[in-house]
Each structure stands twice: as C-alpha cells, then as structure tokens.
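Scroll down for the structure; my scribbles are underneath it.
The values are calculated or read from the model by the stated rules, or taken from the named source; none is laboratory data. None of these values were measured; they are calculated from a predicted model. Positions of Cβ are backbone-derived with ideal geometry, glycine not excepted, and every protein chain shown enters the neighbour counts. With ligands, DNA and RNA removed, areas are computed over all heavy atoms of the protein, side chains included. Shrake-Rupley method; radii C 1.70, N 1.55, O 1.52, S 1.80 Å.
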Amino acid sequence: MNLMENKKLVSVIIPCYNSVLFLRQALESVLWQTYTEWECILVDDGSTDDSADIFKEYMKMDTRYVYHYQENGGLATARNAGIDLAKGDYIQFLDADDVLLQRRLEKCVAVFQTNPDFKVLYSEYMLFSKTMGFYKVLPSKIAIQDQLYALLFEFNKSFVIPIHSFFFRAEVVKKNKFDESLLSFAEDNEFRIRLALNGFHFDHMYEVLLIYRLNENQIISNEEDKIYENMLRNLTYFENNPKTQNYKKQFIEQRVYLTQRTAIAFFMKKQFRKGFKIFYPVLSKSSFRDILKVITWASLMIFISKNTFQDLRSWFFRTANLKTGGWKTLEHWDAPQSVKNLMNVS
C-alpha cells in the first residue's frame, strides 16, 4: 500500500508556552518526517518570549505550519484549541521540547491503514535528560489485559505512557477533549482513563518513535502536590462510575497511595505541617513500609532541598547503576546519531 497515494493528513498539535529553548528541535522533528502529509499546529498559550518568532520563521519556509495565539489558559486549553483547528484524519500531540523520530508518522499511519479497526495506538519512547542521557525507567506497554484497571491503578507504578506516545484517529480526540480544569499530567491521566472507560482499546507498537525530554526541574515539579490532588479528584469521579464498581478495594488502596504522595509533595516544598495533616487520615490504612517511607521523606527534606535530592539521585543511579524499586527496569538507549545531532548531544 502506497501511503502517499492515500493522502491521509496527520495533525501534529504543539501547545507552547515560553518554549524558546527547544522549540526549534521539536519543529525540526516534524519537518524531517518521512511521511509528508501533515500539518503542524502551534498553539501559543500566551508566550512572552520569542517562541512566536521562531514558529513564524518555519511558517515562511513551509505552509504546513499553522500558528494560533490565545491568552494563557494552560496545557489542556491549548491542546483543545489545537484539536478544534485540526483538519487531519489522525492526531499526534507533541510538546514543544520533545522530539519525534523520523519515521514516527509513517509507521503509525501504516499500522492504522493495515488495521482499520484500531482507534488508539501508542509506541515505545525514551526519556532524555542531561544527567541521565537517553533512558527509560518503567515499561511503556500495558501488560495487564484489563486496560481500564491498569490506567486507574497501575499507571506510574508498573508502566508509564506519555501522551505524546499516543497516535489517534481524529474522531476519537474530537469527541473526547481534555478537562481544562486539571493541571498538567492530571489532565493526561483523566483523558486516558476516560478513553478506556468509553471502550477504546490502546494498541501497542514495540518501536521507539519518540523522545520525551525531561528537564531536571520537571522531575520533581513545584506543582506536584496540586497534580496529586487533581488525581485524587479524578479518582473520586471515576469511582462513582457504574463501570468501575468492581474495583471498590482498589479505589480505597489507590486513594491511600495518592494521599501519601500528596503528603510527600508537600514535604518536598518544606510544608511539613500541611504534609502530616494530609497524611494523618490515611495513617491507619497505611502499611508499616509506607509509613516508614513517608517519615523518611519528611526527615530527608528537613536537611536538603528537593533539587539537591534530585542531583544526588541522578548521580547515584548513574554511578551505581542499581535496578531496585521504581528503577528496577532502568534501561539506557543508544540513540541514532541523527537524534543526537538534532538534540545537540554527544
């Protein structure tokens, strides 16, 4: 089947807020696609830097780039604006600091054309940071047959899939937009669960087709407490859905887990009183191991900052190369030279 003869358009949607540092690399990763039937929609979410000027340079070079400005409203509103503008048969989300591998669109379109019943596809990806290089901590494949269960209770524990790893038929996304009241990550979490709840199956590709750039200050976000609070809100919403009534025990356990993570997030901001206040109601439902973990985090944050902790953790795993806990599947990846060149890394 000749893909080019089918003229199936892919809409690449890039939400952008003050992304001047890496925006060119993201745009170049769209430009170098072997599949040429695409439009690239940049939604400028009220940037105050030179992001718009960079994008407009690309618009002059290639009419497939489309620019849209809006007042700052957050990641979900920017993605939804891009969805409204999208003319494609397929939709690919891409953040302004991430990179698509050259055959990403070609391979995804080919899978959909070979499998007309597929609605949602996701591929392997690799993280990138200056300190760790190209790597992955957790698997991206959903190994549990019940994908709704996995997304509700195992996401970020036994697997992780960033939203950019997904490739959608456009009608799926246009009928299921992002919740604009949620913060970054929490809105992705809610979006994936809602798709699974609505009966969509996520089909997996075993090839690395995306680089997710992890800035050092993103690893432990200043908004992590709000993210977990929003995830708790998501949990309450889905807990009351008739389709999830078989998961009563799991919802209780997940609520305890997310509450513990929220408390730890406040410890990392050195708001110890608030962290313990949040943790206290779930103390009796927490295991001894979990209680010890929470107390250890609180004790650690008394003496060091979260940035210092991140530096120490990165150094430790680079030098010791231990594979324990959440790092048990730590996998390094030798990126193609073309990717290294694009991202200006050796």
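Observations
- Packing, taken as the mean count of other beta carbons within 10 Å per residue, orders the peptides 243-250, 17-24 from highest to lowest as 17-24, 243-250.
- Rolling a 1.4 angstrom probe over the protein heavy atoms with all chains in place gives the chain an accessible area of 47 Å² per residue.
- For the peptides 288-296, 147-155, residues were scored by their other Cβ atoms within 10 Å and the scores averaged per peptide; the highest-first order is 147-155, 288-296.
- Over 20 Å apart at the Cα level, from the set 56/175; 249/285; 119/175; 56/130; 226/285; 7/60, are 56/175; 56/130; 226/285; 7/60.
- Residue 261 exposes around 50 Å² of accessible area when a 1.4 Å probe is run over every protein chain in place.
- Summary of packing: across the peptides 303-309, 84-90, 97-103, the per-residue average of other C-beta atoms within 10 Å ranks them, highest first, as 97-103, 84-90, 303-309.
- Based on Cα contacts under 8 Å between residues 6+ apart, the stretch 104-231 shows a relative contact order of 39 percent.
- Probe 1.4 Å - accessible area at residue 9, Å² to nearest ten: 40 Å²
- Candidate lysines for bridging to residue 136, where Cα separation is under 17 Å - those fewer than 8 sequence places away on the same chain excluded: 157, 323, 328, 340
- For the stretch 170-275, the relative contact order comes to 25 percent (Cα pairs under 8 Å, sequence separation of at least 6).
- A simple charge model with +1 on the Cβ of Lys and Arg, -1 on the Cβ of Asp and Glu and nothing else charged puts the dipole of the stretch 54-147 at about 240 debye relative to its Cα centre.
- Taken about its Cα centre, the stretch 71-212 carries a charge dipole of about 260 debye when Lys and Arg each add +1 at the Cβ and Asp and Glu each add -1 at the Cβ.
- Dipole magnitude for the chain: computed about the Cα centre from +1 point charges on Lys and Arg Cβ and -1 point charges on Asp and Glu Cβ, it is near 1400 debye.
- Largest accessible area first, the listed residues 164, 204 line up as 204, 164 when surface is computed with a 1.4 Å probe on the assembled protein chains.
- Rounded accessible area of residue 256 (nearest 10 Å², 1.4 Å probe): 10 Å²
- Relative contact order (%) - the stretch 126-173, alpha-carbon pairs under 8 angstrom, separation at least six: 30 percent
- Considering only 115, 129, 150, and ranking their Cα positions along the charge dipole of the stretch 77-187 that arises from unit charges at the beta-carbon of Lys, Arg, Asp and Glu, the one farthest toward the positive end is 115.
- Carbon and sulfur %, accessible surface of the chain computed with the full protein complex present, 1.4 Å: 53 percent
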